[in-house]
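Data first, discussion second: the structure below is written as structure tokens.
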């Protein structure tokens, strides 16, 4: 016996040990799936006209959506609502404005059940309704509440008096009260009808559900478990993908009838156990949303999701704090269109959502809110080794999301005890620290967790202000790198009481990101570009600078620096897009690729960038989430229609989980599941309508002799994001080129079309940029009698005869005129030669005059330098170039004590000094720089793309040195000095007026410093030619 026990222990050990190892070593699928569980569905809202109060919806075979309303009937193509209302004075109009039910038969005809006008059928081509009212030869009641197809090419009609049956072939109606319907059904109001996949007819009444099975001769009541038969008032019937029949009631929620069963089971609320949840709702709409989800539309309670695998429920309700939530909680109708979108409609409600898309999840936390409220943004995040996610808030504090994606602790922010708690200031960065601690960078200092992240302490290092803003943290080895608005510094944690050491050259830089490389160097992202720093040698380098002739790294705010497995460096900039630095093969030069506004990154606003497992880049932007293909660098923008519910996003707020999910912070989290990203395979049709909104027959249009104008409206019936659809059209046979048309102008209009046969071709590009096949509409223009071939042949013969006679007369006249013409030509030739010589002389004089006028208008008459007008034009031009990424410097030069020279030696001496100064300023500057005399003894120099500040300083030093040399005048040697003010654009100002003012203030400061000096704009200390 002991031997058997030992043998079983060995077997169990062999199996259990590997299983335990796998359970610990492998991340569970629940961690990834939990993002879906906690996600908030994002609805896309469409503004519904106030006069439409929906009661039912239908999508016809052409793809148009039809809306039954208490005020009429409307169709919608994604852009425009076309309405039909009751007008008793107009034959063929809708018989009643209150519409309860819609149905499309096998022939594509639209049937409309009204509240008081009986049954109507719409001719879509003409907009005319055929009406069937109540009476002996008509319906049993004028109030129609439900419609369903009859397998025998007819229509089941549910009225206030019971069930009727319309035969399409004969037009006759059989009434329940007259025995024309199988027995067993009460002759009372019918609210809902359903013909299931097996041909069974289900009828919902105020007394419950009845079914007429295909093999039965009479209706049978369907028992409702736990509720007395006849106590359930049914309002909706639907069938899901598994063949279940769902029953929506007025006060008892929803019931389910499983295939092969005869009893309706009530749907239980998994979020409430008191029986007062879904069990008491008025369920007015039911739809199979796919992925084993059935949605229930209710009055006043929003939508209830039912998972048919676990039979758990979840509510989707309006939340004023969440823009993407359901717009209203009254949902009388639901529709799932052919693209997979689910539509929820009701009073002031017309929302859509793709319930099956899994590439994007919007996460506000399990209770709908992160960080204590909807106004708190996720400004920073850290994915820890245990797969927990730490979220830093814009108002302070850190929320910890556990690996199972449940809410964990909240490190709350509290002012007044800033040394031991986080301050009420934005959290900008987080990084792993020693012994499981976490460094937290805030707008008011650096903090570190302790006691297993139960509390925090402020980190204070000598040499660094304790409350300085911290935007970047990185622990590399024993060095803690800290970046913010006061530059980059590091602390050697291995030394007790070590002070913070600033990085030379980056003391005043605004640091955005810090990341380490294998060779020990650092990538440092700043607000003015990317810098590489070698700590061992303290060398700084700005690699691959961009210039107008070459794509490189711009001097813009860096938001992300990531290296992929191919060795490429991805750098995101806010305001300059994304750059991909590709290393050269075998020593070749690197190549830098730009992904910007032209490539689909709108306004070049890249807030954060992450790479997925396949190397594709995902970028949070101000317009949505942008996917960049790693191989082609083509982009795909995901927006509200794709589940993106947060805009805008915070810069630098991003992280990746071990499961490969990508997180981006905004007013919550956008969770990207890259493996679930698949472009929609749905190919939407294009519908063509006339100017009155009626569909045009595919057979085409024929225009008579007096009709030469063609106007066709078109729409791609892709409702996911119609505003992003682009169109193109052409009239083949009349033109070859396509005419582009935006989404808000979808009209092809042609006038004076000549007789002939044409084809109007319309194509559309959906939100993914894929062009559809063209929709073709034949158009024939009938010629008038004078445009027929016979008439044209007769006219051609007459014209030929007349032409021959005219040619003979013309020949005789020409011969007589030829001789006189030759004499006249000789005379005129001589006169023209004389006039030509005179014209050449006057042209030369005019050009000389124009050159003198230009010289007087743009150049100073004394020095020959550019005048103030020339200076202002060039200054404005350079400011506009600076807005596109270049820079320049403005140097204002004012002569010191020039007036005494004028007073002592006369204006001739002053003019000589001004000419000498102008000549010397030309010698001290480059040809591309502009030297101007602004007036009197004021000069200005515009240094175009001077390089770094040291280059500008060198120019100022040369100018100061130039003034140290006396100016000879006759037998005199005149001493002149100058004061200089310098301002750079865009560093000191971004427009011409502010830049000139900044330089002028610097000039004034130079004069105050003792003259003969120069000053930077905004400099707190004096800088002059003596390096003061």
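The values are calculated or read from the model by the stated rules, or taken from the named source; none is laboratory data. Computed from a prediction, not measured in an experiment: that's the story for all the values here. Note that we place each Cβ from the backbone using ideal geometry, even for glycine, and neighbour counts take in every protein chain shown.
Of the residues 321, 346, 340, 302, which is under 30 Å from residue 444 (Cα atoms), out of contact with any helix residue (DSSP H, G or I) (no Cβ under 9 Å at 6 or more places or on another chain) and touching a residue at least 12 places away in the same chain (Cβ under 8 Å)? None of the others qualify; the one that does is 321. Can you name the residue in region 668-693 that is under 19 Å from residue 746 (Cβ atoms) and without any contact (Cβ under 8 Å) to a residue 24 or more places away in the chain and is also surrounded by the fewest Cβ atoms within 10 Å (Cβ to Cβ) among such residues? Across region 668-693, the extreme among qualifying residues is 691.
Condition check ((1) surrounded by fewer than 17 Cβ atoms within 10 Å (Cβ to Cβ); (2) in the same structural domain as residue 873 (by TED's automatic domain parsing); (3) farther than 13 Å from residue 889 by Cα) across all residues:
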| residue | (1), (2), (3) |
| --- | --- |
| 918 | no, yes, yes |
| 927 | yes, yes, yes |
| 933 | no, yes, yes |
| 942 | no, yes, no |
| 952 | no, yes, no |
| 965 | yes, yes, yes |
| 969 | no, yes, yes |
| 982 | no, yes, no |
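Would you confirm, using the coordinates I've provided, whether residue 814 is assigned to a helix (DSSP H, G or I), out of contact with any strand residue (DSSP E or B) (no Cβ under 6 Å at 6 or more places or on another chain) and surrounded by 10 or more Cβ atoms within 10 Å (Cβ to Cβ)? Here the answer is yes, as residue 814 does meet what is asked.
How about region 334-363: which of its residues are part of a strand (DSSP E or B) and more than 19 Å from residue 296 (Cβ to Cβ)? Once the filter is applied, which keeps residues that are part of a strand (DSSP E or B) and more than 19 Å from residue 296 (Cβ to Cβ), region 334-363 yields 360, 361, 362, 363.
Applying the criterion of at least 2 residues that are outside the structural domain of residue 719 (by TED's automatic domain parsing) and within 15 Å of residue 332 (Cα to Cα) to the strands (runs of 3 or more DSSP E) found wholly in region 48-93 leaves 54-59, 65-69. Is it the case, given these coordinates, that residue 113 is over 44 Å from the mean Cα position of the chain (by Cα), in contact (Cβ under 8 Å) with a residue 12 or more places away in the chain and surrounded by 17 or more Cβ atoms within 10 Å (Cβ to Cβ)? When the stated conditions are applied, residue 113 does not pass them.
Each row is one residue, and each column tells you yes or no for (1) crowded, with 23+ Cβ neighbours inside 10 Å; (2) under 19 Å from residue 666 (Cα atoms).
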| position | (1), (2) |
| --- | --- |
| 384 | no, no |
| 387 | no, no |
| 392 | yes, yes |
| 397 | yes, yes |
| 404 | no, no |
| 415 | no, no |
| 421 | no, no |
| 425 | no, yes |
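Quick check on residue 13: is it more than 29 Å from the chain's Cα centre (by Cα) and at pLDDT below 90? Spelling it out, residue 13 is indeed more than 29 Å from the chain's Cα centre (by Cα) and at pLDDT below 90. Just one of (1) under 35 Å from the mean Cα position of the chain (by Cα); (2) surrounded by 10 or more Cβ atoms within 10 Å (Cβ to Cβ); (3) at pLDDT below 80 fails for residue 29. It is (2). Looking at region 858-872, is at least one residue closer than 30 Å to residue 701 by Cβ and not in a helix (DSSP H, G or I)? Checked against the condition, which is being closer than 30 Å to residue 701 by Cβ and not in a helix (DSSP H, G or I), region 858-872 yields no hits at all. Checked against (1) closer than 20 Å to residue 199 by Cβ; (2) not in a strand (DSSP E or B), residue 268 meets all criteria but (1). The requirement of being touching a helix residue (DSSP H, G or I) at 6+ places or on another chain (Cβ under 6 Å) and in contact (Cβ under 8 Å) with a residue 40 or more places away in the chain is fulfilled somewhere in region 269-289, by at least one residue.
Per the conditions (1) surrounded by fewer than 18 Cβ atoms within 10 Å (Cβ to Cβ); (2) in contact with a strand residue (DSSP E or B) (Cβ under 9 Å, 6 or more places away or on another chain); (3) farther than 30 Å from residue 197 by Cα, the sole criterion not satisfied by residue 88 is (2).
Condition check ((1) more than 25 Å from residue 720 (Cα to Cα); (2) surrounded by fewer than 18 Cβ atoms within 10 Å (Cβ to Cβ)) across all residues:
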| site | (1), (2) |
| --- | --- |
| 589 | yes, yes |
| 595 | yes, no |
| 601 | no, no |
| 609 | yes, no |
| 612 | yes, no |
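If I filter region 770-785 for residues that are surrounded by fewer than 10 Cβ atoms within 10 Å (Cβ to Cβ) and not in a strand (DSSP E or B), do I get at least one hit? Scanning region 770-785 turns up at least one residue that is surrounded by fewer than 10 Cβ atoms within 10 Å (Cβ to Cβ) and not in a strand (DSSP E or B). Kindly establish whether residue 805 is surrounded by 10 or more Cβ atoms within 10 Å (Cβ to Cβ) and assigned to a helix (DSSP H, G or I). When the stated conditions are applied, residue 805 does not pass them. Does residue 277 satisfy the criteria of being crowded, with 17+ Cβ neighbours inside 10 Å, in the same structural domain as residue 327 (by TED's automatic domain parsing) and farther than 30 Å from residue 150 by Cβ? Criteria met by residue 277.
If you check 649, 574 for being buried (at least 16 other Cβ atoms within 10 Å of the Cβ) and either over 18 Å from the mean Cα position of the chain (by Cα) or closer than 25 Å to residue 516 by Cβ (or both), only one passes: 574. Given the condition at pLDDT 95 or above and either under 30 Å from residue 40 (Cβ atoms) or crowded, with 18+ Cβ neighbours inside 10 Å (or both), answer yes or no: does some residue in region 580-587 qualify? Yes: region 580-587 contains one or more residues that are at pLDDT 95 or above and either under 30 Å from residue 40 (Cβ atoms) or crowded, with 18+ Cβ neighbours inside 10 Å (or both).
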